[in-house]
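Report on the structure given below.
The values are calculated or read from the model by the stated rules, or taken from the named source; none is laboratory data. Quick caveat: nothing in here was measured; it's all calculated off a predicted structure. Heads up, the Cβs are rebuilt from the backbone with ideal geometry, glycines too, and the neighbour counts pull from every protein chain shown.
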């Protein structure tokens, strides 16, 4: 079942331990499902209850902690020995009592001699709540807690050949889902029906590569709401003249390739016609600038120089490191393409470059997921990088007949 | 855009403030997206960044805090006045610096005179990380923090007529998606293709009611993995003789009705044939027992008495309160149907009753989402409550021809 060779997991563990040693972290307590997966392979939708992977710097095997009913899943999907899979009883889950899973986990860590060491915890992760931390501190009063947030995420920044091959499969799925999704977006079609078409193709994938669930559902603001990027869909029917933004990600074995496009149902308005070539010119400038040795901040400057010539500004970051992910986010939370992010690009870093422009009553998104190569940058998907126009009753540009 | 009358939101706010007053909470800081939605209507996939709704006990309007690019979504989807929608700049998001959104939110709360009051925070919510709490404490050194976790969730326990009507629509969607999903589960079909069919119908919904995304993706353990409830799907093809568990939820305007069934591709094995009637007998016993005045613990006892007669035990809870939800869970985290949960049933409480049995190499799930009525309990869905058997080359029991 493991999606990577055991040697790849060992290399990840080694790199993680090197970073732990640099920061004098004896035990790293991972609660981010992406990091748990990255280190052990663990894959299940069990992260709605507390769980953890503990990396002890002088032990060869991580420990997996989770709910009793999930322990067999850990045995199935990880390379962790069965004796290192430790399950807590069900009464800890959303307990009516004062019990908390971190009481149990803390007690085990105490029993196995980790209670006086320096413990790294992922302080700003969704799956490490304020209470989880409080209970862990109470259970381990003689431990020293340090912030280990993003330590593994930083190891994840540079992708291996197998990771890149999974992202390439995800890219093919993204292209296919975008194609069928935009085909479905027409006047008098409900937004939910277009979203359903996108979901179908994201999950079915291709004949060669079955799809996985993306960490974010398709985002689909339409009409005057296209300035609001994180809306999903409704039962409303698309109207002639609407523009619609579709942001989705193909996902293969939890690896994501996001892709955003803006489509106009019929003739686009003047604002979109004006903005689309500026955005694509800006993307081109970033792609030209991107190569090893350049910083994320340099990429932002390349974009800003382009749009400033047109009198435009952008408030939000242009993009972020992307790859392995679980809900609620496919971003890795490390490098962002923004002013002041001095992350130096290296080969096989991957970013979602999404230099969207949002205004009060409309917006435009055209994005690319890119890989830093030895000499520059390459995109993962092949979808036309332009404002897409659906002309009713005509063959559309992708050769599909629109009825 | 609001899915409920303004009076319903006012009633929710009133009930919340009554509970705040009982606990001497002056300001309740909501970070659970379900609770933010319940109080204000806010609906967008923006919860991957820090955001908050603050209820000040002596102010009529809540405050919404979030990212700049999401503020227009708050204006669109909530009843909160525009001047109470407060956005932080983008550099706070996954910052390369030491900035954190809770620094910003804490400073605003200080400025508006809330810095010395008793503040309730949702200590065990996914979206209130250990770091969020630490930064809020630092920004508000003279405030008193108390655990306000689940305070609004407890208001949510009893559903209004409109909430129930949404759950009924979700139930219709669940029935439809289960029907099409089980139709798709056949020998030589990839698991991902069946998952895609389920997703299509969950999101498309019915002609009358477009679907929303469920907070958990369809769970689909197959074959010898049916004892592992939280597995999703793979590229593997189903085999003749496999059993497959499908747990899904129809969702309408964020309200969920979960439904689980076990299907056998061809002749079921003896274990399933033995267990299925025990599970349905146990469900029937729970339904007979359920009525206002009875406790969740009583329901568990009714189940336990049935299965004990067959020499069986069950480790995990039988079910949980269900309704409004955002990823990663559709459960409400309040009442559980388990031994020791003394929640007293009241009319219009709603539960997902999922008395699954899991063993090392197989399992069975047959579930119902139920509503407590004035005199008993009623189910939401109409799907046959039995082990489903797919007979190849025959008309199946739902009238669909299986090719």
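Structural remarks
- Any hit, the stretch B:227-235, residues being assigned to a helix (DSSP H, G or I) and modelled with pLDDT of 95 or more: no
- All conditions but one from (1) over 21 Å from the mean Cα position of the chain (by Cα); (2) more than 14 Å from chain B (Cβ to nearest Cβ) apply to residue A:194; the one that does not is (2).
- Exactly one residue out of B:163, B:207 is in contact (Cβ under 8 Å) with a residue 24 or more places away in the chain and surrounded by fewer than 24 Cβ atoms within 10 Å (Cβ to Cβ), and it is B:163.
- Within the stretch A:91-107, the set of residues being touching a helix residue (DSSP H, G or I) at 6+ places or on another chain (Cβ under 6 Å), closer than 23 Å to residue B:151 by Cα and in a helix (DSSP H, G or I) comprises A:92, A:101, A:102, A:103.
- Summed over the stretch A:67-94, residues that are within 11 Å of chain B (Cβ to nearest Cβ) and under 16 Å from residue B:225 (Cβ atoms) total 9.
- Any hit, the stretch A:115-130, residues being within 28 Å of residue B:154 (Cβ to Cβ) and in a helix (DSSP H, G or I): yes
- Summed over the stretch B:251-282, residues that are touching a strand residue (DSSP E or B) at 6+ places or on another chain (Cβ under 9 Å), assigned to a helix (DSSP H, G or I) and crowded, with 24+ Cβ neighbours inside 10 Å total 1.
- Hits in the stretch A:74-90 - residues which are within 25 Å of the chain's Cα centre (by Cα) and either surrounded by fewer than 19 Cβ atoms within 10 Å (Cβ to Cβ) or outside any loop (DSSP other than H, G, I, E, B) (or both): A:74, A:76, A:77, A:79
- Verdict on residue B:219 being within 18 Å of the chain's Cα centre (by Cα), surrounded by fewer than 24 Cβ atoms within 10 Å (Cβ to Cβ), under 19 Å from residue B:199 (Cβ atoms) and within 11 Å of chain A (Cβ to nearest Cβ): yes
- Filtered residues of the stretch B:95-134 (kept if farther than 20 Å from residue A:132 by Cα, within 12 Å of chain A (Cβ to nearest Cβ) and modelled with pLDDT of 95 or more): B:99, B:101
- Considering B:248, B:231, B:259, B:202, the condition of being at the interface with another protein chain (Cβ under 7 Å from one of its Cβ atoms) and touching a residue at least 12 places away in the same chain (Cβ under 8 Å) is satisfied by B:231 alone.
- Residue within the stretch B:164-171 that is in contact with a helix residue (DSSP H, G or I) (Cβ under 7 Å, 6 or more places away or on another chain), at pLDDT 95 or above and within 14 Å of chain A (Cβ to nearest Cβ) present: no
- Criterion (surrounded by fewer than 20 Cβ atoms within 10 Å (Cβ to Cβ) and more than 26 Å from residue B:195 (Cβ to Cβ)) met by exactly one of A:228, A:158: A:158
- Only residues that are part of a helix (DSSP H, G or I), in contact (Cβ under 8 Å) with a residue 24 or more places away in the chain and more than 15 Å from residue B:261 (Cβ to Cβ) were counted across the stretch B:176-194, and they come to 2.
- Restricted to the stretch B:135-150, and to residues there that are surrounded by fewer than 23 Cβ atoms within 10 Å (Cβ to Cβ) and touching a residue at least 40 places away in the same chain (Cβ under 8 Å), the residue that is nearest to the other protein chains (Cβ to nearest Cβ) is B:150.
- Just one of the listed residues (A:319, A:331) is within 30 Å of residue B:215 (Cβ to Cβ), crowded, with 24+ Cβ neighbours inside 10 Å and more than 9 Å from every other protein chain (Cβ to nearest Cβ), and it is A:319.
- Subset of the stretch A:12-61 that is in a helix (DSSP H, G or I) and free of Cβ contacts under 8 Å to residues at least 60 places away in the same chain - its residue that is nearest to the other protein chains (Cβ to nearest Cβ): A:36
- Counted residues, the stretch A:46-61 - those being more than 26 Å from residue B:343 (Cα to Cα) and under 24 Å from the mean Cα position of the chain (by Cα): 5
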